[in-house]
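> One structure follows; several queries about it will come next.
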Amino acid sequence: MAQTFKILVLPGDGIGPEVMAEAVKVLKAFETSGRKFELRQELIGGCSIDATGKTVTDEVKQAALDSDAVLFAAVGGPKWDNQRRGLDGPEGGLLQLRKAMDIYANLRPCSSTSPSVSIAKEFSPFRQDVIEGVDFVVVRENCGGAYFGRKVEEETYAMDEWGYSEAEIQRVTRLSAEVALRHDPPWPVISLDKANVLASSRLWRRVVDKTMATEYPQVKLVHQLADSASLILATNPRSLNGVILADNTFGDMISDQAGSICGTLGVLPSASLNGLPEDKTLKTRPYGLYEPTHGSAPTIAGQNIANPVAMILCVALMFRYSLNMEAEAQRVEDAVRKVLDSGSRTPDLGGKAGTIEVGDAIISAL
Ligand code: NAI
Ligand code: MG
C-alpha cells in the first residue's frame, strides 16, 4: 500500500493562492506509486473572514492537528485592515493556528549554498567573501517570552513581562540539538541570551547548559551574548555556522537580520515545529507548519508576477522536517538553484518570468 501523507493547504490572501499553486505543483511531482499526498485546502485570514466571519474556524484548526504537515502562504490586506485587529484579524488566524498546534520553534535556514543565497551575488548587501560558506539555521522560541507575557499599557507607563519557564526552554533546546544531530559531524548549538543583564536569560543559560550536558553531550554548545551575535552576523557570519538558538525576541531580530544576507524576501522559507519526529520526549505527533517569510503582497496580487520560490522552498523544508524525505528536499533545492541561476526569475529578482513560468521551470529542472 502506498504511504499517504495528509497535507493541509492554506493559500490565504493576496499572492498566497498564486504562490501556493506552484508549491502544490512541485509537491505533486514527488508522488510515486509508493507515496501519495492527500491534500485538503481550507480558508484562513481575510478570505475566511469573508466566508465564515472568522479568521480561522475550529474545523480548520482541527484539520491542522489531523495532518502530517501544513503549508501556509500568507494572509491580510488593506480590505481587512480597519475591520478587524489582533487575534480576530487576518494575521490573528495564523497566531491562533500556531497556538492550537503549539509550534514553539521557528526555523529559518540561511546558507550560501542554498537557493536563497545563490542569488546573493546580486542582491546581498554583503561582500561575497564575507558570506561565502555561511551555513546556519536559526531556531527561535516562538510561544513564550516577551511577546506572550503579561502587559501593562497606561498613558505614561508600559510593561511587557519577559518570562520563561524551565520546560519552555528545555523543549526548544532539545529541538535545536536534534537539528544539530542531523548533521555529520553534529553542528554546534550557539545559544543567544543577555545573561549579563536579564534574569530570564540567566535561567535560559542554566537550562540550556543542563539540557545539553545531560541529554546531548556529543553536541558542542556555545553561549553568545545576543547583541554581539548581531555584530558577528554582520562582520563574520561564518563563525555562527551551526544551530543558532534564541528566545522569541532575540530570535525575531537575528532571523530577520539573517535574511539580509540574501537580501530579498521572495526566496526565504521558514518552518514552525513542535518537535522533530526523532525526539523521544514528544507526547503528541510532531506538528509542522511551513510558510514563506514574506506577506500577502496585495499590490502585486493577481498579476502572475509574485515570486513562488519561498513557498516552493517551504515544500523542501516540509520534506526535511516533517516527512523524513531529506533526499527529496535536496532535489527541490537543487532545482530551484538551477532555475534561479539560469535567469528564469520573477520581476522582484530582476527577471521577466511569471509566477507560473518559474513554477514550470522548477518542475522541468526536477
Ligand atoms: P509583504 O511581504 O507582503 O511585502 C513587502 C514587499 O515585498 C512588497 O513590495 C511586496 O510586493 C514584496 N513581496 C513580498 N513577497 C513577494 C513575492 N513572493 N514576490 C515578489 N514580491 C514580493 O509585506 P507588507 O507589504 O508589509 O504586508 C502586506 C500584507 O501582508 C499586510 O496585510 C500584512 O499584514 C500581511 N503580512 C502577512 C504575513 C503573513 O501572512 N505571515 C507576514 C507579513 C505581512
Ligand atoms: Mg520579524
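> Need the full-extension length gain, Val222 to Gln41, defined as separation in residues times 0.36 nm minus the C-alpha distance. One decimal, nm.
Gain on stretching Val222 to Gln41: 60.9 nm.
> Want the number for Ser342 to Ser364: 0.36 nm per residue separation, take away the alpha-carbon distance, what's left?
6.7 nm
> Once you charge only the Cβ atoms, +1 for Lys and Arg and -1 for Asp and Glu, what is the size of the charge dipole of the chain about its Cα centre, to the nearest 20 debye?
Computed charge dipole of the chain: roughly 560 debye.
> I need the phi-derived Karplus couplings for segment 59-64: 6.51 cos²θ - 1.76 cosθ + 1.60, θ = phi - 60°, integer Hz, Gly and Pro marked x.
After applying 6.51 cos²θ - 1.76 cosθ + 1.60, I find 5, 5, 4, 5, 4, 5 Hz.
> Using Cβ contacts closer than 10 Å as the measure, can you line up Val197, Val179, Val139 from fewest to most?
Result, fewest neighbours first: Val197, Val179, Val139.
> Among Ala177, Val309, Val152, whose Cα sits farthest toward the positive end of the charge dipole of the chain (+1 at Cβ of Lys/Arg, -1 at Cβ of Asp/Glu, about the Cα centre)?
Highest projection toward the positive end goes to Ala177.
> Now a separate question. Can you pick out the pairs among Lys6/Lys283; Lys280/Lys338; Lys36/Lys99; Lys121/Lys210; Lys54/Lys352 whose Cα atoms lie more than 30 Å from each other?
The pairs that break the limit, which is 30 Å between Cα atoms, are Lys280/Lys338; Lys121/Lys210; Lys54/Lys352.
> Next up: For Lys79, go through the aspartates and glutamates and keep the ones whose alpha-carbon is under 15 Å away, minus same-chain ones fewer than eight residues off.
Result set, ordered by chain and number: Asp13, Asp50, Asp88, Glu91.
> Right, here's the next one. Find out how many positive minus negative residues lie around His223, taking Lys and Arg as positive, Asp and Glu as negative, among other residues whose Cβ is under 14 Å from that of His223.
Combined, the nearby Lys, Arg, Asp and Glu give +2.
> Output wanted: per-residue J couplings in Hz (rounded whole) for segment 241-255, from phi through Karplus 6.51 cos²θ - 1.76 cosθ + 1.60, θ = phi - 60°, x for Gly and Pro.
For segment 241-255, the Karplus curve yields 4, x, 9, 8, 9, 8, 6, 4, 6, 5, x, 4, 5, 5, 6 Hz.
> Can you pull the semi-axes for the chain, root of five times each eigenvalue of the Cα gyration tensor, sorted largest first, whole Å?
Its equivalent ellipsoid spans semi-axes of 30, 25, 22 Å.
> Let me ask something else about it. Could you put Asp135, Asp13 in order, starting from the residue whose Cβ has the fewest other Cβ atoms within 10 Å?
Asp135, Asp13
> Taking 0.36 nm per residue of sequence separation and subtracting the Cα-Cα distance, how much length would be gained by fully extending the chain between Arg206 and Thr52, in nm to one decimal?
Result for the pair: 50.8 nm of gain on full extension.
> Order these by the 10 Å Cβ neighbour count, fewest first: Trp204, Trp162, Trp80.
Least crowded to most crowded, the residues run Trp162, Trp80, Trp204.
> Could you compute the net charge surrounding Leu282? Neighbours are other residues with a C-beta less than 12 Å from the C-beta of Leu282; K and R count +1, D and E count -1.
Spelling it out: positives minus negatives among the neighbours equals +1.
> Could you work out Rg/(2.2 N^0.38 Å) for segment 172-318, with Rg from alpha carbons only?
1.16
Where a number appears in this text, it was derived from the coordinates with a stated rule and is not lab data. Just so we're clear, the structure is a prediction, and the values are computed from it rather than from any experiment. A quick note on method: Cβ atoms are made from the backbone with ideal geometry, for glycine too, and the neighbour counts reach across all protein chains shown.
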